[in-house]
Every structure is written in structure tokens, then in C-alpha cells.
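Notes follow once the structure below has been shown.
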Amino acid sequence: MMPRVVLLHSALGDSRLWRRQVAALGDTFDMVAPDLPGFGQTPMPAQPFSFVDAVVPHLPGMLVGNSFGGMVALRTACARPDLVRRLVLVGAGVPDWQWTEEMQEYFAREHAAVEAGDLDLATEVNLEFWVAPEHRDEVRPQQRRALELQTAHEEPDVLWPEEVAPSELDVPSLVVVGSEDKPDFRVIAEHLAGEIPGAELAVVEGAGHLVGLDRPDELNALLLEFLTEDAGVA
């Protein structure tokens, strides 16, 4: 049986953001890329729900998350380390970060567009801020779909497990960040790599926030090396 790898996408799209990784590593691993609640083929729940609870049924396995998916992966690994063999955080977010003015202005522009009901504008705000021009046509329908799902009804409360400090995490971890990612996320990557015991830090040159799109070959090589270290893969 092939070792399982669960891929958690960023809030900019859905499971399709991982298609290059699934194609490249699918002969080595059992690659599982779910749509998180409110993305892709998974509607936004009407009642309070947990992203972590949505991930747990796909485990045990190795967990890879990008951006928001990275935060979900981290919270899952902290809550259920018994189910996570290895953890890869790619441009990951963290709870309660003190965002820079650049990030706060972006959040405000996106929020204003959504509040005005202009999902096309909100989509473009996200694409222009996060996504390299050559990938925007690919990401656009994924982001637009996510915004439709998330505004279909009143947003429910999200339930998170009790927070555990990354310094207490006992899971082999790799932290990846693009050299061209936003300054906040480069700092977060350094913070996580320094706080998670034994974590490695890899900076992918030329990549922005979506490392798997910008530099797929480099990310695939990092994943293959890190995930095969103790996975029993020849």
C-alpha cells in the first residue's frame, strides 16, 4: 500500500491547485486532495463546523498545506499528532498574526468588494495580489467558485480545536516559502521553522505564494525528498 499524502489547498482556489503535485507524485504516494468546506465541490456548511474535523477522515497520512490550507494542516497536526506522520507547510498562515499595512489594505479591498456583492471584483483583487499573471486564468474560476459558496448564505461559525503552540509539535516538519511571497509570509515561515522542533526551512527561488503553481518542479522535488525519508518508499 502506498503511503498517503493529504494536500490542503489555499483559500485562492480548491483541490485543483494541486494537480501538478498529484500528477508528479501519484505513482509514489496515495495522493488525496480534498476540497475544504466552502471550496470547489464542497458547499459551505449552514451550521458551525470544523476544518480540522473535515481533514481527519482522510488521515492517517502525511499532511501538506498551502496558505490557509497550511494553517489548517498545522492546527490538525497540533490537535491530532497521532494521525500525522509528516507535515509540510507551504506559505502557511497562522492564527492571530499581526499583519502589515499592505496585508490589511488587501483584506479591506477584498472585504469591500464582497460586501458590495461584486464577486468578480473580489476575485480580481485576489488574483492581482496573490497570483502570477500567467496563472490567473487557471485560478480565476476556482476563486470565483469559492466566493460564490462562501456568500451563498450567512457564514457559520468556524470551530477550532484548542490551540497548541507549534513549539510543542512532535511531527517531522518542512516549512516552504517562495522567495517572492509577501513579506508577512516570509516572516511567518521563518517563525514556524524556528519554533517547530527540528523543522527544516526551504526557500523556493522565484516562487510567490502559490509555490506549487509558480515552481512545481522545485516543490515536487522537495516533497519527494522529505516525504520519502521514512515512508518506506524506495
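The values are calculated or read from the model by the stated rules, or taken from the named source; none is laboratory data. Just so we're clear, the structure is a prediction, and the values are computed from it rather than from any experiment. When we count neighbours, we look across all protein chains shown, and the Cβ atoms used for this are built from the backbone with ideal geometry, even at glycine.
Some notes on this structure:
- Of the numbered criteria (1) surrounded by 12 or more Cβ atoms within 10 Å (Cβ to Cβ); (2) out of contact with any helix residue (DSSP H, G or I) (no Cβ under 9 Å at 6 or more places or on another chain), the one R144 fails is (2).
- Taking the criterion of being in contact with a strand residue (DSSP E or B) (Cβ under 7 Å, 6 or more places away or on another chain), surrounded by 24 or more Cβ atoms within 10 Å (Cβ to Cβ) and not hydrophobic (A, V, I, L, M, F, W, C), the residues of region 3-20 that qualify are H9, S10, D14.
- Of all residues making up region 189-218, the number that are out of contact with any Leu (no Cβ under 9 Å at 6 or more places or on another chain) and either farther than 15 Å from A92 by Cα or of a type in the set (A, V, I, L, M, F, W, C) (or both): 9
- Which numbered condition L36 misses (of (1) touching a residue at least 40 places away in the same chain (Cβ under 8 Å); (2) buried (at least 20 other Cβ atoms within 10 Å of the Cβ); (3) under 22 Å from L119 (Cβ atoms)): (1)
- Among the residues of region 13-36, the one identified as under 11 Å from P216 (Cβ atoms), aliphatic (A, V, I, L, M) and touching a His at 6+ places or on another chain (Cβ under 9 Å) is L17.
- Pair list, Cβ < 9 Å and 6+ apart or interchain, from region 117-134 residues that are at pLDDT 95 or above to residues that are surrounded by fewer than 18 Cβ atoms within 10 Å (Cβ to Cβ) and aliphatic (A, V, I, L, M): D118/A112; L121/A112; L121/V114; A122/A112; A122/V114; A122/A116; V125/A112
- When L149 is tested against (1) over 22 Å from V55 (Cα atoms); (2) in a helix (DSSP H, G or I), only condition (1) is not met.
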